[in-house]
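This report refers to the structure that appears directly beneath it.
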Amino acid sequence: MSTEFDVAVIGGGIAGASAAAELSRTHSVVLLEQENELAFHTTSRSAAIYIENEGGPVFHRVSTASRPFFEADHPELDAPLLDPLPVLKVGDDALVEEFRTEAMAAGEVTSSIRVVEGAELIELCPVLRPDVVTIGMLEPTAASIDVMALHQLFIRRAKANGADVRRGARAVAMTRSGGQWTVTTKAGEVTATTVVNAAGAWGDVVATMAGAQPIGLTPMRRTAFTAPIAQDPAAWPFIYSAIEGTHCYFKPEAGQQLLCSLSDETPSDPCDARPEEIDIAQAIDHINTISTLGLRSVRTTWAGLRTFAPDRNPVFGWDDTVDGFLWMVGQGGCGIVTSPAAGQIAGCLIRGEDLPESITEFGLTEAALGPRRATAAPA
Ligand SMILES: Cc1cc2nc3c(=O)[nH]c(=O)nc-3n(C[C@H](O)[C@H](O)[C@H](O)COP(=O)(O)OP(=O)(O)OC[C@H]3O[C@@H](n4cnc5c(N)ncnc54)[C@H](O)[C@@H]3O)c2cc1C
(Lines give C-alpha, C1' and ligand atoms only; values in the text may rest on other atoms or scores of the structure.)
Protein backbone atom coordinates (compact mmCIF):
# COMPACT_ATOMS: atom_id res chain seq x y z
CA MET A 1 0.00 0.00 0.00
CA SER A 2 1.46 3.37 -1.06
CA THR A 3 2.15 5.94 1.61
CA GLU A 4 3.30 8.82 -0.63
CA PHE A 5 0.79 11.06 -2.39
CA ASP A 6 0.53 14.49 -3.95
CA VAL A 7 -2.70 15.28 -2.09
CA ALA A 8 -4.29 13.98 1.11
CA VAL A 9 -8.00 14.87 1.31
CA ILE A 10 -9.35 14.74 4.87
CA GLY A 11 -13.08 13.94 4.94
CA GLY A 12 -15.15 11.44 2.94
CA GLY A 13 -18.36 13.49 2.69
CA ILE A 14 -19.51 15.19 -0.50
CA ALA A 15 -16.82 17.90 -0.29
CA GLY A 16 -13.92 15.46 0.05
CA ALA A 17 -15.39 13.16 -2.59
CA SER A 18 -15.78 15.98 -5.13
CA ALA A 19 -12.22 17.17 -4.46
CA ALA A 20 -10.82 13.64 -4.79
CA ALA A 21 -12.64 13.07 -8.11
CA GLU A 22 -11.32 16.31 -9.57
CA LEU A 23 -7.77 16.21 -8.17
CA SER A 24 -7.16 12.57 -9.05
CA ARG A 25 -7.32 13.53 -12.74
CA THR A 26 -3.91 15.19 -12.37
CA HIS A 27 -2.49 14.14 -8.96
CA SER A 28 -2.01 11.07 -6.81
CA VAL A 29 -4.66 11.33 -4.10
CA VAL A 30 -5.48 9.63 -0.81
CA LEU A 31 -8.92 10.26 0.72
CA LEU A 32 -8.97 9.80 4.51
CA GLU A 33 -12.29 9.22 6.31
CA GLN A 34 -12.45 8.70 10.07
CA GLU A 35 -15.64 6.63 10.00
CA ASN A 36 -15.92 3.08 8.67
CA GLU A 37 -18.32 4.31 5.99
CA LEU A 38 -18.13 7.29 3.68
CA ALA A 39 -20.74 10.08 3.80
CA PHE A 40 -21.69 9.01 7.33
CA HIS A 41 -22.19 12.53 8.70
CA THR A 42 -23.96 15.55 7.14
CA THR A 43 -23.83 14.33 3.53
CA SER A 44 -26.23 11.42 4.14
CA ARG A 45 -28.62 13.58 6.21
CA SER A 46 -29.63 16.36 3.82
CA ALA A 47 -32.98 17.26 2.28
CA ALA A 48 -31.39 16.59 -1.14
CA ILE A 49 -32.63 19.75 -2.81
CA TYR A 50 -31.00 21.46 -5.77
CA ILE A 51 -31.95 25.09 -5.21
CA GLU A 52 -29.88 27.97 -6.55
CA ASN A 53 -31.30 30.90 -4.57
CA GLU A 54 -30.35 29.68 -1.12
CA GLY A 55 -27.77 30.80 1.43
CA GLY A 56 -27.17 34.30 0.00
CA PRO A 57 -25.53 35.66 -3.17
CA VAL A 58 -22.22 33.75 -2.87
CA PHE A 59 -23.81 30.32 -2.40
CA HIS A 60 -26.31 31.20 -5.15
CA ARG A 61 -23.49 31.75 -7.64
CA VAL A 62 -21.53 28.62 -6.68
CA SER A 63 -24.75 26.56 -6.92
CA THR A 64 -25.56 28.00 -10.35
CA ALA A 65 -22.01 27.19 -11.49
CA SER A 66 -22.67 23.56 -10.50
CA ARG A 67 -25.76 23.14 -12.68
CA PRO A 68 -23.94 22.07 -15.89
CA PHE A 69 -22.40 19.13 -13.99
CA PHE A 70 -25.78 18.05 -12.60
CA GLU A 71 -27.37 18.24 -16.04
CA ALA A 72 -24.53 16.54 -17.92
CA ASP A 73 -24.85 13.01 -19.20
CA HIS A 74 -22.78 10.79 -16.85
CA PRO A 75 -22.24 7.40 -18.52
CA GLU A 76 -21.68 5.68 -15.15
CA LEU A 77 -25.25 6.49 -14.02
CA ASP A 78 -28.53 4.73 -14.84
CA ALA A 79 -30.68 7.77 -14.02
CA PRO A 80 -30.23 11.58 -14.01
CA LEU A 81 -28.88 13.19 -10.82
CA LEU A 82 -31.74 15.72 -10.77
CA ASP A 83 -35.48 15.12 -10.66
CA PRO A 84 -37.36 18.39 -11.31
CA LEU A 85 -39.01 19.77 -8.15
CA PRO A 86 -39.89 23.49 -8.07
CA VAL A 87 -39.23 25.28 -4.77
CA LEU A 88 -41.83 27.71 -3.40
CA LYS A 89 -40.75 29.95 -0.54
CA VAL A 90 -43.92 31.28 1.10
CA GLY A 91 -44.59 34.46 3.04
CA ASP A 92 -47.33 36.70 4.42
CA ASP A 93 -48.19 40.37 3.92
CA ALA A 94 -45.20 41.45 6.05
CA LEU A 95 -42.83 39.85 3.52
CA VAL A 96 -44.26 41.21 0.26
CA GLU A 97 -41.62 43.92 -0.28
CA GLU A 98 -38.78 41.65 0.86
CA PHE A 99 -39.84 38.89 -1.56
CA ARG A 100 -40.13 41.34 -4.48
CA THR A 101 -36.67 42.77 -3.81
CA GLU A 102 -35.12 39.33 -3.34
CA ALA A 103 -36.76 37.92 -6.48
CA MET A 104 -35.42 40.85 -8.52
CA ALA A 105 -31.83 40.36 -7.26
CA ALA A 106 -31.93 36.55 -7.46
CA GLY A 107 -33.44 36.78 -10.96
CA GLU A 108 -30.19 38.34 -12.21
CA VAL A 109 -28.50 34.97 -11.68
CA THR A 110 -31.46 32.57 -12.09
CA SER A 111 -33.87 34.25 -14.49
CA SER A 112 -36.75 31.82 -13.86
CA ILE A 113 -37.23 33.01 -10.24
CA ARG A 114 -40.45 34.98 -9.82
CA VAL A 115 -42.98 36.18 -7.28
CA VAL A 116 -46.30 34.31 -7.09
CA GLU A 117 -49.49 35.74 -5.58
CA GLY A 118 -53.21 35.07 -5.18
CA ALA A 119 -54.89 31.99 -6.64
CA GLU A 120 -51.68 30.72 -8.28
CA LEU A 121 -50.20 30.04 -4.83
CA ILE A 122 -52.98 27.63 -3.95
CA GLU A 123 -52.98 26.11 -7.43
CA LEU A 124 -49.30 25.25 -6.92
CA CYS A 125 -49.92 23.67 -3.53
CA PRO A 126 -53.63 23.18 -2.68
CA VAL A 127 -52.98 22.44 1.02
CA LEU A 128 -51.59 25.93 1.75
CA ARG A 129 -53.92 28.11 3.84
CA PRO A 130 -54.78 31.26 1.81
CA ASP A 131 -55.52 33.21 4.99
CA VAL A 132 -51.91 32.63 6.19
CA VAL A 133 -49.84 32.41 3.02
CA THR A 134 -50.28 35.45 0.77
CA ILE A 135 -47.09 35.61 -1.29
CA GLY A 136 -44.55 33.18 -2.69
CA MET A 137 -41.23 33.16 -4.49
CA LEU A 138 -41.00 30.34 -7.02
CA GLU A 139 -37.81 28.76 -8.34
CA PRO A 140 -39.32 26.56 -11.08
CA THR A 141 -35.95 25.08 -12.14
CA ALA A 142 -35.10 23.59 -8.71
CA ALA A 143 -34.88 19.81 -8.32
CA SER A 144 -34.45 16.88 -6.02
CA ILE A 145 -30.88 15.47 -6.04
CA ASP A 146 -29.93 11.81 -5.84
CA VAL A 147 -27.25 12.56 -3.23
CA MET A 148 -25.92 9.04 -2.83
CA ALA A 149 -25.61 8.62 -6.61
CA LEU A 150 -23.70 11.92 -6.74
CA HIS A 151 -21.37 10.90 -3.91
CA GLN A 152 -20.78 7.47 -5.46
CA LEU A 153 -20.10 9.06 -8.85
CA PHE A 154 -17.34 11.21 -7.32
CA ILE A 155 -15.85 8.24 -5.45
CA ARG A 156 -16.04 5.98 -8.50
CA ARG A 157 -14.25 8.58 -10.63
CA ALA A 158 -11.60 9.14 -7.96
CA LYS A 159 -10.93 5.40 -7.74
CA ALA A 160 -10.92 5.00 -11.53
CA ASN A 161 -8.21 7.70 -11.60
CA GLY A 162 -6.17 5.72 -9.05
CA ALA A 163 -7.14 7.50 -5.82
CA ASP A 164 -6.74 5.52 -2.61
CA VAL A 165 -9.91 5.76 -0.48
CA ARG A 166 -9.34 4.82 3.18
CA ARG A 167 -12.10 4.36 5.75
CA GLY A 168 -11.47 4.14 9.48
CA ALA A 169 -8.51 6.48 8.86
CA ARG A 170 -9.02 9.37 11.21
CA ALA A 171 -6.25 11.98 10.89
CA VAL A 172 -4.90 12.49 14.41
CA ALA A 173 -1.69 14.46 13.82
CA MET A 174 -0.01 16.43 11.05
CA THR A 175 3.53 17.76 10.66
CA ARG A 176 5.17 19.59 7.77
CA SER A 177 8.81 19.42 6.83
CA GLY A 178 10.73 19.82 3.55
CA GLY A 179 7.55 20.86 1.72
CA GLN A 180 5.75 17.64 2.67
CA TRP A 181 2.98 16.83 5.11
CA THR A 182 3.11 13.71 7.22
CA VAL A 183 -0.43 12.82 8.26
CA THR A 184 -0.77 10.27 11.05
CA THR A 185 -4.04 8.39 10.92
CA LYS A 186 -5.67 5.56 12.86
CA ALA A 187 -4.77 3.39 9.85
CA GLY A 188 -1.12 4.40 9.45
CA GLU A 189 0.92 7.33 8.14
CA VAL A 190 0.82 9.01 4.73
CA THR A 191 2.86 11.85 3.21
CA ALA A 192 1.50 14.45 0.80
CA THR A 193 2.53 17.80 -0.63
CA THR A 194 -0.95 19.22 -0.05
CA VAL A 195 -3.66 18.60 2.52
CA VAL A 196 -7.28 19.42 1.63
CA ASN A 197 -9.38 20.14 4.72
CA ALA A 198 -12.85 18.78 3.82
CA ALA A 199 -13.67 17.73 7.37
CA GLY A 200 -17.10 19.40 7.61
CA ALA A 201 -18.00 20.14 11.24
CA TRP A 202 -14.43 19.18 12.22
CA GLY A 203 -12.85 21.75 9.86
CA ASP A 204 -11.37 23.89 12.64
CA VAL A 205 -10.18 20.79 14.55
CA VAL A 206 -8.25 19.61 11.50
CA ALA A 207 -6.87 23.12 10.90
CA THR A 208 -5.61 23.34 14.46
CA MET A 209 -3.91 19.96 14.00
CA ALA A 210 -2.07 21.43 10.99
CA GLY A 211 -1.01 24.54 12.93
CA ALA A 212 -3.43 26.82 11.03
CA GLN A 213 -5.54 29.47 12.72
CA PRO A 214 -9.17 28.26 13.07
CA ILE A 215 -11.67 30.44 11.19
CA GLY A 216 -14.50 30.16 13.73
CA LEU A 217 -16.66 27.52 12.08
CA THR A 218 -19.98 26.84 13.83
CA PRO A 219 -21.71 23.48 13.29
CA MET A 220 -25.49 23.98 13.56
CA ARG A 221 -27.74 21.01 14.24
CA ARG A 222 -30.86 20.62 12.08
CA THR A 223 -33.49 17.94 12.76
CA ALA A 224 -35.47 16.38 9.92
CA PHE A 225 -38.17 13.71 9.70
CA THR A 226 -40.60 12.04 7.37
CA ALA A 227 -44.35 12.09 8.00
CA PRO A 228 -47.23 10.19 6.35
CA ILE A 229 -50.03 12.21 4.74
CA ALA A 230 -53.43 11.35 3.29
CA GLN A 231 -52.82 13.15 -0.04
CA ASP A 232 -50.60 12.32 -3.00
CA PRO A 233 -48.07 15.19 -3.01
CA ALA A 234 -46.43 14.25 -6.35
CA ALA A 235 -47.47 17.49 -8.09
CA TRP A 236 -46.61 19.86 -5.21
CA PRO A 237 -43.45 21.97 -5.01
CA PHE A 238 -40.99 21.89 -2.10
CA ILE A 239 -42.47 24.44 0.34
CA TYR A 240 -40.54 26.49 2.82
CA SER A 241 -42.03 29.10 5.05
CA ALA A 242 -40.32 32.39 5.84
CA ILE A 243 -43.33 33.62 7.84
CA GLU A 244 -42.35 34.82 11.31
CA GLY A 245 -43.28 32.17 13.89
CA THR A 246 -43.91 29.41 11.31
CA HIS A 247 -40.45 28.64 9.91
CA CYS A 248 -40.46 25.12 8.45
CA TYR A 249 -40.23 23.19 5.19
CA PHE A 250 -41.78 20.15 3.60
CA LYS A 251 -40.74 18.18 0.55
CA PRO A 252 -43.06 15.81 -1.34
CA GLU A 253 -41.79 12.23 -1.43
CA ALA A 254 -43.05 9.01 -2.97
CA GLY A 255 -45.41 6.86 -0.88
CA GLN A 256 -47.70 9.66 0.41
CA GLN A 257 -44.99 11.05 2.58
CA LEU A 258 -43.32 14.40 3.28
CA LEU A 259 -39.74 15.12 4.36
CA CYS A 260 -40.09 17.90 6.94
CA SER A 261 -38.02 20.20 9.12
CA LEU A 262 -38.33 23.22 11.37
CA SER A 263 -35.33 24.78 9.56
CA ASP A 264 -33.76 24.86 13.03
CA GLU A 265 -30.18 25.96 13.63
CA THR A 266 -28.78 25.01 17.03
CA PRO A 267 -25.03 25.50 17.62
CA SER A 268 -23.28 22.21 18.42
CA ASP A 269 -19.86 20.71 18.89
CA PRO A 270 -18.75 18.47 16.02
CA CYS A 271 -20.47 15.12 16.72
CA ASP A 272 -22.83 12.42 15.45
CA ALA A 273 -25.90 14.69 15.62
CA ARG A 274 -29.17 13.32 17.02
CA PRO A 275 -32.73 14.59 16.36
CA GLU A 276 -34.52 16.67 19.01
CA GLU A 277 -38.18 15.89 19.79
CA ILE A 278 -38.98 19.54 20.51
CA ASP A 279 -37.82 20.55 17.02
CA ILE A 280 -40.05 17.86 15.49
CA ALA A 281 -43.08 18.96 17.55
CA GLN A 282 -42.57 22.61 16.58
CA ALA A 283 -42.12 21.74 12.91
CA ILE A 284 -45.42 19.83 12.95
CA ASP A 285 -47.12 22.80 14.60
CA HIS A 286 -45.72 25.23 12.00
CA ILE A 287 -46.62 23.01 9.05
CA ASN A 288 -50.15 22.64 10.39
CA THR A 289 -50.37 26.44 10.76
CA ILE A 290 -49.49 27.22 7.14
CA SER A 291 -51.36 24.23 5.65
CA THR A 292 -54.43 22.05 6.02
CA LEU A 293 -52.25 18.91 6.23
CA GLY A 294 -53.01 18.14 9.88
CA LEU A 295 -49.77 16.20 10.44
CA ARG A 296 -49.95 14.00 13.54
CA SER A 297 -47.25 11.32 13.31
CA VAL A 298 -43.72 10.78 12.05
CA ARG A 299 -42.02 7.83 10.39
CA THR A 300 -38.26 8.38 10.62
CA THR A 301 -36.19 11.10 12.27
CA TRP A 302 -32.58 12.21 11.97
CA ALA A 303 -30.31 15.24 12.40
CA GLY A 304 -27.20 16.62 10.79
CA LEU A 305 -24.76 19.48 11.29
CA ARG A 306 -24.77 22.36 8.82
CA THR A 307 -21.45 24.11 9.38
CA PHE A 308 -21.05 27.85 8.81
CA ALA A 309 -18.13 30.28 8.61
CA PRO A 310 -18.68 33.52 10.58
CA ASP A 311 -19.98 35.34 7.45
CA ARG A 312 -22.06 32.26 6.43
CA ASN A 313 -20.30 32.02 3.06
CA PRO A 314 -18.34 28.97 1.85
CA VAL A 315 -14.57 28.81 2.38
CA PHE A 316 -12.59 27.45 -0.56
CA GLY A 317 -8.95 28.52 -0.55
CA TRP A 318 -5.34 28.29 0.60
CA ASP A 319 -4.41 29.05 4.17
CA ASP A 320 -2.39 32.26 4.30
CA THR A 321 0.20 31.15 6.87
CA VAL A 322 0.44 27.36 6.61
CA ASP A 323 1.88 26.10 3.31
CA GLY A 324 0.10 23.40 1.34
CA PHE A 325 -3.13 23.58 3.36
CA LEU A 326 -6.36 24.09 1.37
CA TRP A 327 -9.68 24.81 3.08
CA MET A 328 -12.95 23.39 1.72
CA VAL A 329 -15.39 24.07 4.54
CA GLY A 330 -18.35 26.18 5.65
CA GLN A 331 -20.81 24.77 3.11
CA GLY A 332 -23.73 25.37 5.50
CA GLY A 333 -27.01 24.17 3.96
CA CYS A 334 -25.68 24.08 0.38
CA GLY A 335 -22.82 21.56 0.41
CA ILE A 336 -24.51 19.08 -1.93
CA VAL A 337 -25.68 21.56 -4.54
CA THR A 338 -22.32 23.39 -4.58
CA SER A 339 -20.13 20.26 -4.58
CA PRO A 340 -19.41 20.02 -8.34
CA ALA A 341 -18.17 23.63 -8.51
CA ALA A 342 -16.36 23.25 -5.17
CA GLY A 343 -14.39 20.31 -6.54
CA GLN A 344 -13.51 22.32 -9.65
CA ILE A 345 -12.35 25.26 -7.52
CA ALA A 346 -10.10 22.95 -5.46
CA GLY A 347 -8.69 21.48 -8.69
CA CYS A 348 -7.89 24.93 -10.14
CA LEU A 349 -6.27 26.16 -6.92
CA ILE A 350 -4.04 23.09 -6.55
CA ARG A 351 -3.07 23.07 -10.24
CA GLY A 352 -2.32 26.81 -10.05
CA GLU A 353 -4.97 27.60 -12.68
CA ASP A 354 -7.41 30.49 -12.80
CA LEU A 355 -10.84 29.78 -11.30
CA PRO A 356 -13.42 28.51 -13.83
CA GLU A 357 -15.27 31.20 -15.79
CA SER A 358 -18.55 29.78 -14.44
CA ILE A 359 -17.38 31.08 -11.02
CA THR A 360 -15.66 34.33 -12.00
CA GLU A 361 -18.40 35.50 -14.40
CA PHE A 362 -20.55 36.29 -11.38
CA GLY A 363 -17.85 38.37 -9.67
CA LEU A 364 -16.47 35.73 -7.28
CA THR A 365 -12.69 35.81 -6.80
CA GLU A 366 -10.07 33.57 -5.22
CA ALA A 367 -9.47 36.18 -2.50
CA ALA A 368 -13.19 36.49 -1.75
CA LEU A 369 -13.64 32.74 -1.30
CA GLY A 370 -10.48 32.27 0.78
CA PRO A 371 -10.32 31.73 4.54
CA ARG A 372 -9.06 35.18 5.59
CA ARG A 373 -11.30 37.36 3.39
CA ALA A 374 -12.83 40.57 4.63
CA THR A 375 -15.96 39.83 2.60
CA ALA A 376 -17.03 37.23 0.08
CA ALA A 377 -19.79 39.35 -1.42
CA PRO A 378 -19.69 39.40 -5.23
CA ALA A 379 -18.49 42.66 -6.82
C1 LIG B 1 -31.28 18.46 7.56
C2 LIG B 1 -30.30 18.94 6.53
C3 LIG B 1 -30.77 19.30 5.27
C4 LIG B 1 -29.87 19.71 4.27
N5 LIG B 1 -30.36 19.93 3.01
C6 LIG B 1 -29.49 20.26 2.01
C7 LIG B 1 -29.97 20.41 0.68
O8 LIG B 1 -31.16 20.23 0.41
N9 LIG B 1 -29.07 20.73 -0.30
C10 LIG B 1 -27.74 20.93 -0.02
O11 LIG B 1 -26.98 21.25 -0.94
N12 LIG B 1 -27.27 20.77 1.24
C13 LIG B 1 -28.10 20.44 2.25
N14 LIG B 1 -27.63 20.26 3.53
C15 LIG B 1 -26.22 20.57 3.81
C16 LIG B 1 -25.28 19.50 3.28
O17 LIG B 1 -25.74 18.22 3.71
C18 LIG B 1 -23.86 19.80 3.78
O19 LIG B 1 -23.49 21.12 3.40
C20 LIG B 1 -22.83 18.84 3.20
O21 LIG B 1 -23.23 17.51 3.38
C22 LIG B 1 -21.47 19.05 3.86
O23 LIG B 1 -20.59 18.09 3.30
P24 LIG B 1 -19.14 17.89 3.90
O25 LIG B 1 -18.47 16.87 3.05
O26 LIG B 1 -18.50 19.22 4.07
O27 LIG B 1 -19.40 17.34 5.39
P28 LIG B 1 -19.62 15.86 5.92
O29 LIG B 1 -20.57 15.12 5.09
O30 LIG B 1 -19.94 15.96 7.36
O31 LIG B 1 -18.21 15.20 5.71
C32 LIG B 1 -17.07 15.54 6.50
C33 LIG B 1 -16.35 14.26 6.79
O34 LIG B 1 -15.09 14.52 7.40
C35 LIG B 1 -14.80 13.43 8.25
N36 LIG B 1 -13.74 13.82 9.18
C37 LIG B 1 -13.79 14.78 10.13
N38 LIG B 1 -12.62 14.84 10.80
C39 LIG B 1 -11.81 13.89 10.25
C40 LIG B 1 -10.47 13.47 10.53
N41 LIG B 1 -9.74 14.02 11.51
N42 LIG B 1 -9.95 12.46 9.76
C43 LIG B 1 -10.68 11.87 8.78
N44 LIG B 1 -11.98 12.24 8.50
C45 LIG B 1 -12.52 13.24 9.23
C46 LIG B 1 -16.15 13.18 8.91
O47 LIG B 1 -16.22 11.88 9.48
C48 LIG B 1 -17.11 13.37 7.76
O49 LIG B 1 -17.45 12.15 7.12
C50 LIG B 1 -28.48 19.83 4.55
C51 LIG B 1 -28.01 19.46 5.81
C52 LIG B 1 -28.91 19.02 6.79
C53 LIG B 1 -28.38 18.61 8.13
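Please give the FRET efficiency for A374 paired with E120, using the beta carbon to beta carbon distance and R0 = 35 Å, rounded to the nearest 0.05.
It comes out at approximately 0.25.
Sequence neighbours fewer than 8 away in the same chain don't count; with that in mind, list the lysines whose C-alpha is under 23 Å from K186.
Counting by Cα, and skipping residues close in sequence, K186 has these lysines nearby: K159.
If you rank R45, R296 by how much accessible surface each has, with a 1.4 Å probe, what is the order from largest down?
The residues order as R296, R45, largest area first.
Work through the residues other than T191 whose Cβ is under 11 Å from its Cβ and net out their charges, Lys, Arg +1 and Asp, Glu -1.
It works out to a net charge of -2.
Calculated from DSSP H runs of 4 or more alone, at -39500 (n - 2.57) each and per residue, what is the 222 nm mean residue ellipticity of the chain, nearest 500?
-7500 deg cm²/dmol
Given the options S291, A169, C348, identify the residue whose Cα lies farthest towards the positive end of the charge dipole of the chain (+1 on Cβ of Lys, Arg; -1 on Cβ of Asp, Glu).
Going by the Cα projections, it comes out as A169.
Using a 1.4 angstrom probe and counting only protein chains, how large is the accessible area of T141 in Å², to 10?
The accessible area of T141 comes to roughly 60 Å².
With every protein chain present, what is the per residue accessible area of segment 227-331 (1.4 Å probe, Å²)? Before the final figure, lay out the partial values.
Values: 4460 Å² over 105 residues.
Computed with neighbouring chains in place, this is 43 Å² per residue.
Percent relative contact order of the chain, based on C-alpha pairs within less than 8 angstrom and at least six residues apart?
Values: 872 pairs, mean separation 86.6, N = 379.
For the chain, the relative contact order is 23 percent.
Students sometimes get this wrong: rank W236, W327 by accessible area, probe 1.4 Å, all chains present, largest first.
W236, W327
From a point 7 Å beyond the Cα of T182 in the direction of its Cβ, which residues of segment 1-36 have a backbone N at a distance under 16 Å?
Residues passing the 16 Å test: 3-5.
Can you give me the solvent accessible area of I336 with a 1.4 Å probe, rounded to the nearest 10 Å²?
My reading of the accessible area for I336 is about 20 Å².
Only sites in a loop by DSSP and with at most 16 other Cβ atoms within 10 Å count here; which chymotrypsin sites (Phe, Trp or Tyr not before Pro) in segment 1-110 make the cut?
Those satisfying the criteria are F40.
Can you compute 3J(HN,Hα) from phi for each residue in segment 330-335, using the Karplus curve 6.51 cos²θ - 1.76 cosθ + 1.60 with θ = phi - 60°, rounded to whole Hz and x for Gly and Pro?
Result, ordered by residue: x, 7, x, x, 10, x Hz.
Between R274 and D232, what is the spin-label point distance in nm, taking each point 7 Å from the Cα along the Cα→C-beta axis?
Using points 7 Å along Cα→Cβ, the separation is 4.0 nm.
Share of segment 276-344's accessible area from carbon and sulfur, percent, 1.4 Å?
Carbon-and-sulfur percentage of accessible area, whole number: 48.
Ignoring ligands, DNA and RNA, what percent of the 1.4 Å accessible area of segment 80-174 is carbon and sulfur?
Numbers: 2260 of 4380 Å².
Roughly 52 percent, rounded to a whole number.
Dividing the alpha-carbon radius of gyration of the chain by 2.2 N^0.38 Å (N being the number of residues), what value is obtained?
Against the empirical 2.2 N^0.38 Å value, I get 0.99 for the chain.
Let me spell out the model: positive unit charges on the Cβ of Lys and Arg, negative unit charges on the Cβ of Asp and Glu, origin at the Cα centre of the chain. What dipole size does that give, in debye rounded to 20?
Working: 27 positive and 48 negative charges, 195 e Å.
That gives the chain a dipole magnitude of about 940 debye.
Take every DSSP beta bridge whose two residues both sit in the chain, then give the antiparallel share in percent to the nearest 5.
Details: 53 of 73 bridges.
So the antiparallel bridges in the chain amount to around 75 percent.
At a Cα cut-off below 17 Å, give the aspartates and glutamates reachable from K89, other chains included and same-chain residues fewer than 8 away excluded.
E52, E54, E97, E98, E102, E117, E120, E123, D131, E139, E244, D264
Which one, L32, P228, P140, is farthest towards the positive end of the dipole of the chain when Lys and Arg carry +1 and Asp and Glu -1 on their Cβ?
L32
Can you give me the accessible area per residue for segment 51-94, using a 1.4 Å probe, in Å²?
On a per-residue basis, segment 51-94 sits at 44 Å².
When the dipole is taken about the Cα centre of segment 44-132, and only Lys, Arg (+1) and Asp, Glu (-1) are charged at their Cβ, what size is it in debye, to the nearest 20?
Values: 7 positive and 17 negative charges, 43 e Å.
In debye, rounded to 20, segment 44-132 gives about 200.
Which order do you get for R222, R299, R100 if you rank them by accessible area with a 1.4 Å probe, largest at the top?
R299, R100, R222
Gain in length, T292 to K159, computed as 0.36 nm per residue apart minus the alpha-carbon separation, to one decimal in nm?
Gain on extension, T292 to K159, equals 43.0 nm.
Roughly speaking, what is the centre-to-centre gap between segment 173-190 and segment 280-354 when only Cα atoms are used, to the nearest Å?
So the separation of the two Cα centres works out to 28 Å.
The values are calculated or read from the model by the stated rules, or taken from the named source; none is laboratory data. Because the structure is a prediction, the values reported are computed rather than measured. As a convention, Cβ positions derive from the backbone with ideal geometry for all residues, glycine included, and neighbour counts pool all protein chains shown. Side chains included, ligands, DNA and RNA excluded: accessible areas come from the protein's heavy atoms. Shrake-Rupley method; radii C 1.70, N 1.55, O 1.52, S 1.80 Å.
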